Amino acid sequence: MAALLASARARAADYDPTNASDAEDVEDDDDDSDEDDFTPFLPETTQPSKPKDSSRRAYTSILNNLISESDILLYVLDARDPQSTRSTAIEQSITTDPNKRIILILNKIDLVPADVLKNWLTHLRRSFPTLPLRSSSSAPSAKIFDHKQLTPAFTANNLIKALKAYSTARASTTVGIIGYPNVGKSSVINALTSRLSGKAPSSKSGKECPVGAEAGVTTALRIVKLDNKIKLIDSPGVVFPSTLSAAEGRDKSIAINNSKKDIDEQAKLVLLNAIPPREITDPQPAVSLLLRRLGEDEDLLSRMLAVYDLPPLMKSGNTKDITTDFLVQVARKRGRLGRGGVPNLHAAAQTVISDWRDGRIQGWVRAPTMAEQVVNGGRSADQKEIVTEWAKEFKIDDLLGDGPCDEDHNTGTDVAMAV
């Protein structure tokens, strides 16, 4: 150490500021002369990562190719919040081609009660033919609803019959499956192929496409033959966020608002399970949003508190305080503690999001009422005509009725809770 200090002092004594100044001038001149040709080298560990926008463009290109190649698009929606997993732009781009058809698939129906399911089916069937589907087994400890005969086998058979009816007069039919990440697209294919092969959906040999409880499992197109006339194509999930104008980005005050908007949008996508857990940098805004949504229904809020055996939350107008109070209690109940027993709010929030994703926390959005639909413009005559004609092609009966939950249709309305 003494030798190092002596060396440093010697170098300092030899230092000539005038020479240093000249050296800096030379370096500046070099930078100016080579500015156009100079490309800095970064070590591999510090190379900038590939922008997510480029990944989105790649996925969007795949999606556009899928739509172009498909005769029928199965648009998979999450039964807990169907409207948030729809894209009007995508639907319009498909319906501009008179030769393409859309069937809405309401997936994960076991996570919503019968009245919620029935009302959503009635609402969605005013836009496109819509079929309920329970495509896979639920996560452990998920709180599910038993819709009697709306079993994986029954719902998959109905979908197969609709596809076969459409393809009867055609040499071949290509069916593309689209939807948000983790909405259950691959599970739809597995449900269909398992019905034809007679294999249980849970068996490894019966799974044609990989499935997982998080977004991003499917990263490329996968083609599966349903029979000699019908081909299924699975696609990666793509989320289409609202775009911001360049002018808005230049204004600092608007940029601040956009930042908050981005956080809110991120929270919505987390609750839609459209973001892989490893990419969720801050789960707390999503927990705040979940508390606000469930807080609008005392029954749902009570059910969530019962999951963690918690007392009623503090009464406060400050959402942040309520979220903190909730996460502190969850951290203590689930042992998410740091040094000295300090509650780890980040880990507690991750636990809540995981429980929500797997259905251990119940929650759903109710379909708009008829009065709300009239206020918002309702359904055009052209759209009603499209739905009626497409229903005939797929041989889906009673499409514009009150829904499939009548006893006459062998689906049942009684709900039994299975924990």
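The values are calculated or read from the model by the stated rules, or taken from the named source; none is laboratory data. Owing to the predicted nature of the structure, the values given are computational and were not obtained by experimental measurement. Note that each Cβ is placed from the backbone with ideal geometry, even for glycine, and that neighbours are counted across all protein chains shown.
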Tally up the residues in region 297-343 that are in a loop (DSSP other than H, G, I, E, B), in contact with a Gly (Cβ under 9 Å, 6 or more places away or on another chain) and among the hydrophobic types (A, V, I, L, M, F, W, C), please.
1
Which one is modelled with the lowest pLDDT, of the residues in region 285-322 that are within 29 Å of Ser259 (Cα to Cα) and of a type in the set (Val, Ile, Thr)?
Thr319
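Which of the residues that make up region 91-126 are small (Gly, Ala, Ser) and at pLDDT 90 or above? Break it down into steps so the answer makes sense when it comes.
Our first condition is that a residue be small (Gly, Ala, Ser); within region 91-126, this holds for 93, 114.
Listed by number, the list holds a single entry, Ala114.
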Kindly evaluate Leu124 against the criterion of being within 21 Å of Leu272 (Cβ to Cβ) and buried (at least 18 other Cβ atoms within 10 Å of the Cβ).
yes
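Determine, yes or no, whether Lys164 is more than 27 Å from Glu265 (Cβ to Cβ), outside the structural domain of Lys268 (by TED's automatic domain parsing) and touching a Cys at 6+ places or on another chain (Cβ under 7 Å). Write out each step before concluding.
Details: more than 27 Å from Glu265 (Cβ to Cβ): yes; outside the structural domain of Lys268 (by TED's automatic domain parsing): yes; touching a Cys at 6+ places or on another chain (Cβ under 7 Å): no.
When the stated conditions are applied, Lys164 does not pass them.
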Taking region 55-99, which residues are in a loop (DSSP other than H, G, I, E, B) and among the charged types (D, E, K, R)?
Asp71, Arg80, Asp81, Arg86, Asp97
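Any residue at all in region 226-235 that is closer than 30 Å to Ile177 by Cα and at pLDDT below 85?
Within region 226-235, the first condition is being closer than 30 Å to Ile177 by Cα, and the residues that meet it are 226-235.
Okay, now just the ones that are also at pLDDT below 85, so 234-235.
Yes, region 226-235 contains at least one residue that is closer than 30 Å to Ile177 by Cα and at pLDDT below 85.
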Given the criterion β-branched (Val, Ile, Thr), outside the structural domain of Leu269 (by TED's automatic domain parsing), surrounded by 20 or more Cβ atoms within 10 Å (Cβ to Cβ) and at pLDDT 80 or above, identify the matching residue among Thr174, Thr193, Thr218.
Thr193
At pLDDT 70 or above and loosely packed, with under 11 Cβ neighbours inside 10 Å: is that true of Pro40 in this structure?
no
Of the residues in region 92-118, those that are surrounded by fewer than 16 Cβ atoms within 10 Å (Cβ to Cβ) and of a type in the set (Asp, Glu) come to Asp97, Asp115
